[in-house]
Amino acid sequence: MAAARHPEKEPFVKQPLWLAISRDRAPCFSGPLAGTVELGRIDPSRGGAERLFVPSPGAGVVRLPIADATQSEISRRQMQIVPLDGARVRLTNLSATLAVPCGDGTLAPGGSADHPLPVEVVIGRVTVVIAGAPPAEVPAGEATPVASPPTATLSTILADLPASKADSMVAWWRQVIDVLQSASHSDDFYQKATQALVQLVGLDVGAVFVFEGDRWVPRATLARGSHSSRPSTSVLATVRESGKPFVQRVANSSDVFSSMATIDAVVAAPILDRRGDVIGALYGHRSREEAKGGEPEISHLEVLLVEALASGVATGLSRLEEQRQKLEEQRLKKAQQATFEQFFGKELAVELERDPDMLRGRETDVTVLFCDIRGFSAVSEKLTPVKTMEWIYDILSELSEEVVGEGGVVVDYVGDELLAMWGAPTSQPDHAVRACTAARRMARKMRSISDRWQGEIAAETSVGIGINTARACVGNTGSTLKFKYGPLGSGVNLGSRVQGATKYLKAPTVVTGATRRLLDDSFHLRRLCSVRVVNIVEPVELFELDCTGEPARRELFTGYEEALAAFDAGDFRRTTRILGNLLETFPGDGPALVLLSRAVGFMVNEPRDFSPVWQLPGK
């Protein structure tokens, strides 16, 4: 029946509509409903507010659930009923996929049509009769759900049965309960379900199938005696397509070559997941030979038993899926924790696991540390590639421990260079102090590392460390494929340039003025000079951080800064005189030799416009 479109606004009738609803011919609801009515299955997103066959008023619409949440053959919003004048209603099929028989035709998905009252609508197993007034024998009044026809209690049923049949019924339900219980805690529910199909329902073949990929996979099969008829794939396909139980008496004229040739009756019930999708089926059949002396038909009670058993198997599959998901979550959790521990250490990794939002990108003040292994090319020529890798691994592993030990983040390893950060992801007001403390510990650890490798490389193992404090954007600077938490910004680039400056200044550990201002008197530093580095316009003040702890170096640092003041003032002769005396006491001091070289150079080639800022020749 083609969908008819009508104007949106038509006057409503004053009298409410009368709806009589039944499922499988059993009455479920009867009563008046005023205004627009919406029928569909229970919507779990409403937080348990909806109950089956109980109207619930909403914003201008009365919701009446006619199916539970697992009955996927009915949409959550299936049918809208709008009363019109002239004893008519407008029916709209709200489903995008399911057609609905109504009146003398079918309402296509999304279609709308007007019908005179009364009109009958069939939605799956539910029949809805819409009238303008209640039947004569039903008094008008408030809408009330109609319970299923009164049923006798278990005691009255058993009392009416012979003792042998009563015992059989109790044995039946014990076996059903056994299947349900095994589904909740053990993995043998497949076997118990097939046993129940054969022993309880009295079928010749019982089987559990799970639909995986594009085919049916048997999980358990049981046959009575020597019976060997194979299950019918067409029956399984029908169950999967309809999502409903299937029962059929097979005609004697079946093709002798088909799988149904020796089968007298077949039954199958769908196994549904939590969304109501068919993920498997419980299947059974009786053979023609076995049916001769017994009951060939599969009764309604037996179908109900098969459905109950299918529900038990669904419970077991749901439990197995939950267990699989938990194991996968635990695996991912362990992998994530291992990744976090590599970067952040164990304590911070636990904190990040509790609050992953800490890793979101944000701006904050951080202190970055760049550490480069000196003489890598020369050493790699002496060692084999394997030994070279062992050498780098030893150095970076030892130094990374000092970073993590001071609460820092190991951001990255780039070849023979390490990048570390303090100040994020957790707030660390003393981030500059922590970074410089780590630098001192790293420098001291290099002594034992150098001693360990002296025999292998016949040279000292040393590093250059550059530190800067700045505002940066921190977060995952990697990608969806590889996690890398770290900082971005010009201040980070400057930290890398400062590490490079250590080679020109002949100082192993250098910090910027921004970092120096955040340190207390427990750190001993000397101002080295002001420099301009590659791609950064503004001059940067650089300081050497003393990592030796030797008292004599205080005299060295004081004498050097006196010479530096003379150099900045353009008094190169006084600079060379101070440095000459200083180098007699501290021969081989790198920064003093560099400054002396610069002062002598200006004495030989006196500049017109002198600036103490040194333009470094490279990175």
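Every number here is computed from the coordinates shown, using simple stated rules; none is lab data. The shown structure was predicted, so the numbers you read here are calculated from the model rather than taken from an experiment. Cβ coordinates were reconstructed from backbone atoms using ideal geometry, including for glycine residues, and neighbour counts include every protein chain displayed.
Between the range 457-485 and the range 510-545, how many Å separate their Cα centres?
Here the answer is 19 Å between Cα centres.
What order do you get for Phe543, Phe557 when you list them from fewest to most C-beta neighbours inside 10 Å? Can you show the working numbers first?
Numbers: Phe543 22, Phe557 19.
Ordered from fewest to most neighbouring Cβ atoms within 10 Å, Phe543, Phe557 come out as Phe557, Phe543.
What does the net charge come to around Val122 if you take all other residues with beta carbon closer than 15 Å to its beta carbon, with K and R at +1 and D and E at -1?
Working: positive: Arg23, Arg25, Arg125, Lys244; negative: Asp24, Glu73, Asp104, Glu120.
Here the charged neighbours net out to 0.
Around Ala69, what is the net charge, scoring Lys/Arg as +1 and Asp/Glu as -1 over all other residues with Cβ under 15 Å from its Cβ? Kindly include the intermediate steps, with their values, before the conclusion.
Numbers: positive: Arg41, Arg46, Arg51, Arg63, Arg76, Arg77, Arg274, Arg275; negative: Asp43, Glu50, Asp68, Glu73, Asp273, Asp277.
Here the count lands on +2.
Shape verdict for the range 450-536, please, from the Cα gyration tensor: rounded (a/c under 1.5), prolate (a/b greater than b/c) or oblate.
Values: a/c = 1.91, a/b = 1.16, b/c = 1.64.
In terms of gyration-tensor shape, oblate.
If a/c stays under 1.5 just call it rounded; otherwise compare a/b with b/c (prolate if a/b is bigger, oblate if not). Do that for the range 345-549, with a ≥ b ≥ c from the square roots of the Cα gyration tensor eigenvalues. Can you show the working numbers first?
Working: a/c = 1.61, a/b = 1.18, b/c = 1.37.
In terms of gyration-tensor shape, oblate.
Taking R0 as 41 Å, what's the FRET efficiency between Arg275 and Asp430 from their Cβ-Cβ distance, rounded to 0.05?
Working: r = 52 Å, r/R0 = 1.28.
In this case the efficiency is close to 0.20.
Once you have the Cα-Cα distance between Asn535 and Val600, take 0.36 nm times their residue separation minus that, and quote the gain in nm to one decimal.
20.6 nm
For the pair Glu562 and Thr70, how long in nm is the line joining their label points, each one 7 Å along Cα→Cβ?
About 9.2 nm separates the two model spin labels.
Please compute, for the alpha-carbon atoms of the range 17-145, the extent along each of the three principal axes and give them in descending order in Å.
Taking the Cα atoms of the range 17-145, the three principal extents are 36, 31, 30 Å.
Greater than 26 Å separation of Cα atoms is the criterion. Which listed pairs, Lys482/Lys506; Lys192/Lys244; Lys192/Lys333; Lys333/Lys387; Lys244/Lys326, meet it?
Details: Lys482/Lys506 37 Å; Lys192/Lys244 22 Å; Lys192/Lys333 35 Å; Lys333/Lys387 34 Å; Lys244/Lys326 31 Å.
The answer is Lys482/Lys506; Lys192/Lys333; Lys333/Lys387; Lys244/Lys326.
Could you tell me which of rounded, prolate or oblate describes the range 479-619, using a ≥ b ≥ c as the square roots of the eigenvalues of the alpha-carbon gyration tensor, with rounded for a/c under 1.5 and, failing that, prolate when a/b is larger than b/c and oblate otherwise?
Values: a/c = 2.42, a/b = 1.49, b/c = 1.62.
It comes out oblate by the Cα gyration axes.
In what order do Met389, Met421 fall by count of nearby beta-carbon atoms within 10 Å, going from fewest to most?
Details: Met389 12, Met421 27.
Placing the least packed residue first, the sequence is Met389, Met421.
By counting other Cβ atoms within 10 Å of each Cβ, how are Asp416, Asp430 ranked from fewest to most?
Values: Asp416 20, Asp430 16.
Least crowded to most crowded, the residues run Asp430, Asp416.
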